[in-house]
Amino acid sequence: MVNIKIKEIAIYHPEHVIHNEFFIDHFKNKGRDSTNFIQNILGRENRYVINDNNESSLTMAYEASKLVLEKASLSGQELDIIMFSSQTPEYLATSNAIQLHAMLQAGHQTQVLDTNANCAGMLVAIDYASRYMMSNPHVQTALVVGSDYNTLMSNPEEEITYANFGDAACAVILEKTEEDTGFMDSIYFTDSVTSTNTNFPRHGLSGAIKEKQDQSMQWIPFDGSIAMPPTYEMFETILSRNNYTMRDLNAYCFSQFSIANIKTIQEHYGLDENKIMYVGDRYGYTGTTSPLMAFYDGIETGRIKRGDTVLFWTIGGGYQLVAMLLKY
């Protein structure tokens, strides 16, 4: 049986780090004490942010891609697919994936594609790439790289973006194998009830080009708890059809948007805290790469090992929920 496994994973983030103290002081100067929200609801402590005009989502993606190719002992010439996921792509044309193709000196056979499912993007890209690879006998290896210049969207007037976001890239090598490992299943839930609540650019691309206005992310508050009931239903469905229970799993890599959301899921199922990968206190919220950053950390710290079954879950703006089962 043909399976698609994650052969290697690597991350890249800028060097510049900002501690909570900066943001707490920033909002105190505006007459608001945001300490509890930043530390206990969002779960932040530090975050890496771009402060070099030469860095972007594309350059971060390139750095992560170089690292993962080196770890996998591969060259760009050996890639059959390059899939780039970002909600802050550096270019709309030409695609960032084709520019990565040039930077990595990939081959003429390599397919290239940019994707955007907002914060759910990299998980969706891995899902789609895996299913495509299973169906195409001529594709053996894929590079999926996610990269968000999240702080580009931040609004200094709002804690939910300014104090929350961090910048990072993550790259994985997917490889076709006959081993009993790799991608297992995925499930989605989409409700477009908040589709106009978190727009970037604030006035649309045409507005950003034609008019000189504030283009930071527009964040109209909404009740995030609406995502919990369908999340639980998704988990029950994907686990039951693969003959698992929550307790059977070895690790959980959830969206790092808010520690409060993770704790809500943990309490609902009574999950072992040692199986929950959390890195939002170190990297901030990195958008498309969010659950994969947690996965990377789990591998690096030895909490996730080969053969472990991992449940991924994340949410994309608008909103779309994605859950994925994978045997590492």
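The values are calculated or read from the model by the stated rules, or taken from the named source; none is laboratory data. Just so we're clear, the structure is a prediction, and the values are computed from it rather than from any experiment. Neighbour counts run over all protein chains shown; Cβ positions are idealised from the backbone, glycine included.
Scanning region 1-40 for residues that are of a type in the set (V, I, T), assigned to a helix (DSSP H, G or I) and buried (at least 17 other Cβ atoms within 10 Å of the Cβ) returns I24, I38.
Here's the yes/no breakdown for (1) assigned by TED's automatic domain parsing to the domain that holds K263; (2) without any contact (Cβ under 8 Å) to a residue 40 or more places away in the chain; (3) within 29 Å of T161 (Cα to Cα):
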site	(1), (2), (3)
T35	no, yes, yes
I38	no, no, yes
S57	no, no, yes
E63	no, no, yes
L69	no, no, no
G76	no, yes, no
T88	no, no, yes
S95	no, yes, yes
T110	no, yes, no
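The condition of being crowded, with 22+ Cβ neighbours inside 10 Å, at pLDDT 95 or above and assigned to a helix (DSSP H, G or I) holds for only one of L292, L311, that being L292. Checked against (1) closer than 22 Å to G166 by Cβ; (2) surrounded by 18 or more Cβ atoms within 10 Å (Cβ to Cβ); (3) touching a helix residue (DSSP H, G or I) at 6+ places or on another chain (Cβ under 7 Å); (4) not basic (K, R), L325 passes all but condition (1).
If I go through region 132-155 residue by residue, how many of them are touching a residue at least 60 places away in the same chain (Cβ under 8 Å) and more than 26 Å from T196 (Cα to Cα)? Can you show your working first?
If we filter region 132-155 for residues that are touching a residue at least 60 places away in the same chain (Cβ under 8 Å), which is where we start, we get 133-134, 140-155.
Next, from what is left, pick out any that are more than 26 Å from T196 (Cα to Cα): 133-134, 140-145.
Number of matching residues: 8.
Would you check which residues across region 208-230 are surrounded by 14 or more Cβ atoms within 10 Å (Cβ to Cβ) and not in a loop (DSSP other than H, G, I, E, B) and list them?
If we filter region 208-230 for residues that are surrounded by 14 or more Cβ atoms within 10 Å (Cβ to Cβ), which is where we start, we get 208, 215-219, 224, 227-228, 230.
Residues satisfying the conditions are A208, Q218, W219, G224, A227, M228, P230.
Reported count of residues in region 203-239, each being touching a strand residue (DSSP E or B) at 6+ places or on another chain (Cβ under 9 Å) and modelled with pLDDT under 90, is 7.
A quick yes/no check of all residues on (1) farther than 21 Å from A163 by Cβ; (2) of a type outside the set (S, T, Y):
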site: Q218; (1), (2): no, yes
site: F222; (1), (2): no, yes
site: T231; (1), (2): yes, no
site: N243; (1), (2): yes, yes
site: Y252; (1), (2): yes, no
site: E267; (1), (2): yes, yes
site: D272; (1), (2): yes, yes
site: D281; (1), (2): no, yes
site: T289; (1), (2): no, no
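Can you tell which of G121, G166, G107 is at pLDDT 95 or above, of a type in the set (G, A, S) and farther than 27 Å from G318 by Cβ? It is G107. Residues of region 295-308 that are crowded, with 18+ Cβ neighbours inside 10 Å and outside any helix (DSSP H, G or I): I304 alone.
Residues in region 107-165 that are closer than 18 Å to M324 by Cα and assigned to a loop (DSSP other than H, G, I, E, B): N116, N118, A120.
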